[in-house]
Each structure stands twice: as C-alpha cells, then as structure tokens.
1. Please determine, by comparing only the residues of segment 198-227 that are touching a residue at least 24 places away in the same chain (Cβ under 8 Å) and part of a loop (DSSP other than H, G, I, E, B), which one is farthest from ligand 1 (Cβ to nearest atom).
2. Quick check on this structure: which one of ASP322, ASP402 is assigned to a strand (DSSP E or B) and under 32 Å from the mean Cα position of the chain (by Cα)?
3. Inside segment 483-552, counting only strands (runs of 3 or more DSSP E) that do not spill past its ends, which hold 1 or more residues that are of a type in the set (Lys, Arg), buried (at least 22 other Cβ atoms within 10 Å of the Cβ) and within 16 Å of ligand 2 (Cβ to nearest atom)?
4. So which residues in segment 16-52 are under 18 Å from PRO196 (Cα atoms) and assigned to a loop (DSSP other than H, G, I, E, B)?
5. Condition check: under 18 Å from THR501 (Cβ atoms) and under 21 Å from the mean Cα position of the chain (by Cα). Does GLU477 satisfy that?
6. Provide a single number: the residues in segment 387-434 that are away from ligand 2 (no atom under 16 Å from the Cβ) and either closer than 14 Å to GLY542 by Cα or not basic (Lys, Arg) (or both).
7. Could you tell me whether ALA233 is of a type in the set (Gly, Ala, Ser) and away from ligand 1 (no atom under 16 Å from the Cβ)?
Amino acid sequence: MSEIGVILPDGSPLKLPAGATGADAAAAIGPRLAADALGIKVDGELRDLGAELPDGAAISIVTAKSKGEDADDALWLIRHDAAHVMATAVTDLWPGTKVSIGPPIADGFYYDFEFPEGERPSEADLERIEAAMREHIAADEPFERSELPAAEAIERFRAEDQPYKVELIEDLVRDDGTETVSLYRNGPFTDLCRGPHAPSTGRIKAFKLNSLAGAYWRGDEKRQMLTRIYGTAFHSQADLDRHQELLELAREHDHRRLGPELDLFRLREEAPGMPFWLPNGTVLWRLVEREVREQLIKRGYAEIKTPRVLDEELWHRSGHWDNYRENMYFVEPNPEGGHEGDERRFALKPMNCPGACLVFASSRHSYRELPLRLAEFGDVSRYEREGVLHGLLRVRAFTQDDAHVYCTLDQVPDEVDSICEAIDELYARFGFDQVRVELSTRPEKSVGTDEQWERATEGLREALERQGREYDVSPGEGTFYGPKIDFHITDALGRSWQMGTCQLDFQMPERFELSYQGEDNAEHRPVMIHRALLGSMERFIGILIEHHGGRFPAWLAPTQAVVLPVSDPHLDYARRVAAELAERGIRVRVDERSESVGRKIRDAELAKVPFMLVAGEREEAEATASVRAHDRGDLGAVAIGEIPALIEAAG
Ligand SMILES: [Zn+2]
Ligand SMILES: [Zn+2]
C-alpha cells in the first residue's frame, strides 16, 4: 500500500502516503494546524502526533483551541508533559531522587517522589522547582518515545537505582504478560510511560506548583511514604489565574479547616474516619435531620430504627457477603470472656436494607398497605483504607438518610416522582438549585436475570421521562442488585457532587422471601426501592459547609446571634437579653469576655455568627440591642421583643 485514507471530523476524507503520522496529517491540513497540534485522536483514542496512522481511521487533531472532549485531552496532554518536566527539575535539583508515578488528574497533575535520605523539600522549594521547570520549557525539549523489551527496561531502571519503576514493570510482566514497555525522554530525563505526550516541552504555556503532601506508594500505608507534589498547567496565563482564584476560594471554603475552626466537628487519631460532632456541628446536624424528617412526614414515610450489629448469616442472605465483605467490619464476643457456646459472629451493618427487610417481614402485609415506606436515619460502617479518608466526604462511619419503599411494579413511577420532588425541595432549602440526574444501568458484577434488569431499568426511565426531566445515562454504573438514579448538585464554587440516590431492587425481596397478600388473596413479591435524599449526612454537611464557606444562612447557623456587652457592668443585661431570646427559640450566646466591643465584633465575624447584638448603657435603658447583621451592617437599636422576627426574616 503506497497510500492510506483517513477521515476528518467533518467527515471528509484525506489521502496520505503510507506510514504517515499524525504530524503529517496536521501538516497536510494546514501549516497553522501543524504548528498548534498537541496530539491526535485516532478512532477516539488520544495518541502522539508521531504515531503512524492506520488506514481508514477517523482522526481529529487536538490543539489548545479544541472544544468538548478534545479540549479535555489537550489539557491532559500538557499536564502529563508538565508532570514529566517537574520530575526532570526535581531529579536535577535533588540527584538520587527516586521517581514513582506522575499522572495528570482532574485539575492538574502530580508526581510522587522519594527524596534522598534527610532531604525533603518544603513549600518554599516549589519556586526553585518551578524555575528549573521554566528552563526546560524554554529549551523546548522534544518528547521522544522509544520501546524496549521489559527485561531490558528492568535492568536499566535497576542500574539507575529506580526501584519503583522496576516494580511497576515487574507487575506489568506478571499481571498483563507485558513484553515491551515504552519510555519517553525529554531533555536529561527518561520515564517509563505509556504516553501520549505533546511534541515538546515548549507547549506548556502556563503552569504552577501548588502543594506538597505525603502519599503512600500505591496508596498502601504499609509501603513507603512518598512526597507528592501537586501542580497544574493551562494553555494561557489567564486560564491559570482564573483557576488559582477558584483554588484559593476552595481553600477558604474547605470543610476540613472550617469544621474545627467553627467548632463543628473534629477528626481524631483514636477513630480515623469517624467524626466527633461538637455542639455547634450537632445543632447543624439536627437542623438537617429536621428538614429531611419534614419530607418523610409529608410523603407518607414511617420511621424505624434497626440494630447496628447483625448476625453474619444475615449478610450471606442479603448478598453483601459475596459482594461487599471486603468493606465490612466483623465483631464477636471476646473469646476470653467465658462465652463458650455463643460464638456467633456479627457484622457492623454497612447498609440498612437487610434491617428494613426484617422489619417488613415481621408482620403480614396486604396490598392495601402498599407502597409501604420505611425510613431510617441509619448508622452504617464501611471500611475504607486510611489513605483515602477525606474529612467528612469520605469516612468509615456515617448516617444515611435512608428509606426503603415496598411496592408493586406499577407503583414505581409515582414513588420515583415523589422522591424526585422531595430531592428538589430539600436541595433548594439548603441553597442548591442546580440538580443533575443520572440513570445508571447494569454493572458487570451483578445478581438477577436479564429480564428483571430490563424491567427495573425501564421503570426508572419511565418515571424520568414522565416528569420530562433531562437525564444522563451511565452504562454499567448501577449497583449489583439493580439500576439506579443518582442526583448531583453543583455548589457555589461550581463543583459537582453526587448526593441522593434512588435504586430499584428485585433481588432483596427475593432473598428475604418478602411477600404481601394481593387482591386475589394470593401471596405476591413486592418490589423494593432503596432511596436516600442526601445520601450520607456527614458528607452532605461537609458539602454544605463548603457551599456556604461556613457562613450559614440565619436559619441554619448553629449560633444565630451573640450578645456583646459593651463592658462588664452590662453583663447582667446581656444575659437577660440572651435568656429572653432563647425562650423565643433563638440559638444565642453571650460573649462574656472582658474584651473591647470592637474585639468582640471581630471575633463574632470570624465565628461567622449572622447577628451581633451590642448591649450597653443606652440599650439597657431602652430595653433594646444595637443590631449588626453580617450581610447588612448596622441596623440600629431594635427592641428585644422584635429581634426574633428580624432573625427569622433573614431566612
Ligand atoms: Zn508519563
Ligand atoms: Zn437499601
């Protein structure tokens, strides 16, 4: 073959000589594109421009100006490049550094290093690394790909004292039967890497190193602790600046910082991933719970409470043993406690469903009771590796605002409607007005027949269609027992979070042999819907803290008002004011310190209390307080009796 044909994004064909590369294709289309090209998509797969094109392939050239998925690929390429350039700079500056992996990630890239004994860089060193990176970028060093037999690559990295690379290749050989590996060289640095990369380092137009963190090799806390350096790269300085501003905002809103700062919660070494709720946080918790409970009452749910510890046998029956046991905690009576003959093993519940099924099964049911809606604020425990725990967002013990609806297949669409409505109302109440819906279908690891899966999926789809809701489909992302609808919100910083879920299940009623008496007097199997409006209370509160940056609306603020006596002689009056407001249901405290009123105002600002009530001589004489509202400034003297209405009106 002396000629090949490829297809361009607009469907037009392009003839190229056999052996032509992506760079040749770009050049054939135009010199401008050839200069801008970063990579090429070949039949949907991102490749090096230097890769030879197969005959008949659909191609698109990826540049900094690409749109949609290609735009993500363009950023991915330069961030991958930047990770290699960072490793180049680090190994320049700290000879003897062992390199491990350096992938692009959602907002940037990182690389994990083992620095030579006794030499660990600090945040202050990031600028030095950046300066060295800039030199390599200015030199516009090409990325050169080469391939070599795995055995040779192992020898090479062993000789260079790069044990992480050796281990990676050995794993590839053992697990995937890999025979050949690829290396990429830029300037003095060569990395084991699948690629692809942009043609040269000069394509990185703007980058920034952001932070250092500890990271275990392969996320395994029994392995070496490495130093991870995070950075990001963009096609322009303006894009980078915008990103850095958002990052700064995210730091200010970080619930892991605000939680302890506002005395909401603490995480302690004694119970990793299991938050301790402080008084302020517990108020927040109860308020969130109250809103959820209002939805339960309004929508005909009954609340139940089931044990946290259940017999191991139950988890065999529920299918969790087969599909989930690696994430479960097991407990048994102390073998030294003299409990011979009572060796039953128990498990901490990772989910509330089996408990709900036992409640359903403990009495006989008629079709007239359906849909039977059982809700539970259920405390569940799920093992997570310590390395992946993250504030309230990823924990080992949490409470789900869970519910299980037992109904007939015909009743499913109405129930799904009601759940969707509850979610819309609840999220709006907390200040989230963008909700995205996703329908997830059968995963690879699943139980049940094809027909059951099809009917279950159709039931959910029908409800969404009927509501006229827009939704995305995620193939293969359902749970092992059924398809589901997930609800995602967008927070004040534009980040998307998966929250509530509504999952259909034909399996568990089967396993627990649940039944109801039909109109025909025969026993029938109900369908089960698992649903959570918020998901995990902990996680929701974490997101809520970040969304509001800790500055909650007055109705949600743990402390709604603080009374600030101007000086000690007014302390008694201040206490009387607080007592009167507390009686009216306001969450209020007195700043009793002998500080200046200016200092007390500043501290109340820092504590993000929405209302400050200054109480001095004049106020005491007139039975008022001088009100300062966080968002509206000074409101002047207000009679004590009118303050509750003022706070309520603030929303
Ligand atoms: Zn790489
Ligand atoms: Zn469930």
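1. GLU221
2. ASP402 is the lone residue from the list that is assigned to a strand (DSSP E or B) and under 32 Å from the mean Cα position of the chain (by Cα).
3. Working: elements: 484-490, 496-505, 527-536.
Answer list for segment 483-552: 484-490, 527-536.
4. Within segment 16-52, ALA20, ALA37, LEU38, ASP43, GLY44, ASP48, LEU49, GLY50, ALA51 meet the criteria.
5. yes
6. 32
7. It is false that ALA233 is of a type in the set (Gly, Ala, Ser) and away from ligand 1 (no atom under 16 Å from the Cβ).
Per-residue answers, yes or no, for (1) part of a helix (DSSP H, G or I); (2) within 16 Å of ligand 2 (Cβ to nearest atom); (3) over 30 Å from the mean Cα position of the chain (by Cα); (4) among the basic types (Lys, Arg):
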residue	(1), (2), (3), (4)
ARG158	yes, no, yes, yes
ASP161	no, no, yes, no
TYR164	yes, no, no, no
GLU170	yes, no, yes, no
ARG174	yes, no, yes, yes
THR178	no, no, yes, no
LEU183	no, no, yes, no
THR190	no, no, yes, no
PRO196	no, no, no, no
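None of the figures in this text is laboratory data; all of them are computed from the coordinates on show. Values in this document were obtained by computation on a predicted structure and should not be read as measured data. Neighbour counts are summed over all protein chains in view; Cβ atoms, including those assigned to glycine, are modelled from backbone coordinates with ideal geometry.
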